[in-house]
1. Would you check which residues across the stretch 45-63 are of a type in the set (Phe, Trp, Tyr) and either modelled with pLDDT under 85 or surrounded by fewer than 12 Cβ atoms within 10 Å (Cβ to Cβ) (or both) and list them?
2. TYR23 - would you say it is at pLDDT 80 or above, in contact with a helix residue (DSSP H, G or I) (Cβ under 9 Å, 6 or more places away or on another chain) and aromatic (Phe, Trp, Tyr)?
3. When both residues are 6+ apart or on different chains and their Cβ atoms are under 7 Å apart, which pairs have a first residue that lies in the stretch 69-88 and is within 19 Å of HIS21 (Cα to Cα), and a second that is among the aliphatic types (A, V, I, L, M) and part of a loop (DSSP other than H, G, I, E, B)?
4. For the stretch 14-70, how many residues meet the condition of being farther than 19 Å from ALA85 by Cα and either in a helix (DSSP H, G or I) or polar (S, T, N, Q) (or both)?
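The values are calculated or read from the model by the stated rules, or taken from the named source; none is laboratory data. Quick caveat, the model's predicted, so the values are computed rather than measured. Every residue, glycine among them, receives a Cβ derived from its backbone with ideal geometry; neighbour counts consider all protein chains shown.
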Amino acid sequence: MIKIGGPGPKDHPAASHKIVHNYKTLTEMFKTAGYEVQLLEYCDEEGKFHQNNWNAVHGVIFRSKKFDLRNQGEKLVFPSLIIDAYKC
């Protein structure tokens, strides 16, 4: 559903999307800038959802499998790409 130019009419908030990143492009971008990267929540090339353990003490991300009420249960409704990028 997410795509360049947005999923709907020209006045849709996502109409300004110019690029759609995935876990590989974001990981590479941050690594090139000198960051260490940990993938927290993402979907792979086959659309399979992956979730690594992360602690909300470091920041709550509401649009996540962990906290978004729409994503509770067996089916993900709004998965997000969530990474942690940090410099040592």
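1. Listed by number, the list holds a single entry, PHE62.
2. When the stated conditions are applied, TYR23 does not pass them.
3. ILE82/ILE61
4. 5
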